[in-house]
Amino acid sequence: MLSLKDKIVLVTGASSGIGRSAARAFAALGAKILMCARRGERLAELAKEIEGGHRAGVHAFRLDVRDQAAVDEAIAGLPEEWRAVEVLVNNAGLSRGLDKLPGGLVSDWEEMIDTNVKGLLYVTRAVVPGMIERGRGHVINIGSIAGHEVYPAGAVYCATKFAVRALTKGLRLDLNGTPVRVSEVAPGMVETDFSLVRFHGDGKRAAKVYQGLTPLGPDDIADAVVWCATRPLHVNVSDVVIWPTAQASATLVHRT
Ligand code: NDP
Ligand code: 8X3
């Protein structure tokens with residue numbers, strides 16, 4: 001197992017769900033945690049928890065990954081001791097709405113595309129050249145089973161996750177010959193704020209998504225992300241697809 005002790009791990013979207021669990025899991029291995037999201041107070045709480053519990057170094061900063069200038073400025077402006085990012089977890093993302101095409105809010109489409117596709121690209125572009133220069137690095141993208149199958153009323157979200165899959169594969173092709181590894185972890189249903197965000201804060205509708213089954217938890221996904229990152233340097237895990245046992249496809253879910 002590769003040691004990540006004192007290595008810098010950047011997690012985007014660490015204020016909640018999978019990103020928060022990933023930050024905690026890497027900190028538990030002794031990695032130094034660089035983390036961002038838009039909600040600064042939540043990041044500050046997590047930073048306090050990690051610093052107290054694991055005594056790992058933490059540096060948190062507010063960032064909207066949709067803003068390319070802000071992404072470039074944040075990465076270029078990192079303190080010297082935080083620049084050598086070893087692992088980038090491109091996790092920041094969201095779904096908005098569950099609407100049949102051609103319906104749905106154009107603003108929802110744009111938010112998903114701008115965050116899940118363009119935001120991931122902006123962060124990757126800002127971080128990966130440094131990895132190439134240093135001769136070490138690993139990009140782990142959080143995709144989805146929605147990048148493997150399209151489900152009704154989810155076409156735009158699915159399109160963004162198909163794009164994440166294509167970008168993961170494309171980056172791996174384009175970085176061939178460098179030591180930088182590129183992986184994707186693609187979960188099925190994980191109980192986080194994901195559905196609350198999808199349904200614009202409708203808690204009752206969000207809770208129904210997970211009723212009658214045991215969904216994955218964010219720690220299950222963090223576990224897989226850490227597993228990818230801790231393989232020996234000559235091993236590149238390309239894809240990990242993870243389902244709750246009760247879910248067999250995007251649309252087949254056994255509920256009791
Ligand atoms: P959460 O809503 O719990 O977390 C989403 C995270 O993304 C938050 O920290 C949020 O932070 C951050 N984020 C969203 N937009 C932006 C932005 N513009 N700039 C910076 N950060 C942003 O959901 P999950 O943990 O479930 O989602 C994490 C990833 O996992 C997403 O990419 C999602 O598509 C993917 N996924 C989720 C699944 C699930 O069932 N939950 C299944 C498969 C994949 P903030 O709002 O503070 O900016
Ligand atoms: C999240 C999983 O099935 O809700 O990416 O789209 S799903």
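With more than 13 Å from ligand 2 (Cβ to nearest atom), within 18 Å of Ser21 (Cβ to Cβ), of a type in the set (Asp, Glu) and modelled with pLDDT of 95 or more as the only criterion, which of Asp202, Asp239, Asp193, Asp219 stands out?
Values: Asp202 fails: within 18 Å of Ser21 (Cβ to Cβ); Asp239 fails: within 18 Å of Ser21 (Cβ to Cβ); Asp193 fails: more than 13 Å from ligand 2 (Cβ to nearest atom).
From the options Asp202, Asp239, Asp193, Asp219, the qualifying one is Asp219.
The conditions are (1) surrounded by 17 or more Cβ atoms within 10 Å (Cβ to Cβ); (2) more than 14 Å from ligand 1 (Cβ to nearest atom), and Pro102 fails exactly one of them. Which is it?
(1)
Take Val117 and tell me if it is assigned to a helix (DSSP H, G or I), under 16 Å from the mean Cα position of the chain (by Cα), away from ligand 2 (no atom under 16 Å from the Cβ) and touching a residue at least 12 places away in the same chain (Cβ under 8 Å).
Working: assigned to a helix (DSSP H, G or I): yes; under 16 Å from the mean Cα position of the chain (by Cα): yes; away from ligand 2 (no atom under 16 Å from the Cβ): no; touching a residue at least 12 places away in the same chain (Cβ under 8 Å): yes.
So Val117 does not fit the description; no.
Regarding Asp220, is this residue out of contact with any Asp or Glu (no Cβ under 8 Å at 6 or more places or on another chain), farther than 23 Å from Leu4 by Cα and of a type in the set (D, E, K, R)? It would help to see each step written out before you state the result.
On the way: out of contact with any Asp or Glu (no Cβ under 8 Å at 6 or more places or on another chain): yes; farther than 23 Å from Leu4 by Cα: no; of a type in the set (D, E, K, R): yes.
Against the criterion (out of contact with any Asp or Glu (no Cβ under 8 Å at 6 or more places or on another chain), farther than 23 Å from Leu4 by Cα and of a type in the set (D, E, K, R)), Asp220 does not qualify.
The values are calculated or read from the model by the stated rules, or taken from the named source; none is laboratory data. In this text the structure is predicted, and so the values were computed from the model without any measurement. Neighbour counts run over all protein chains shown; Cβ positions are idealised from the backbone, glycine included.
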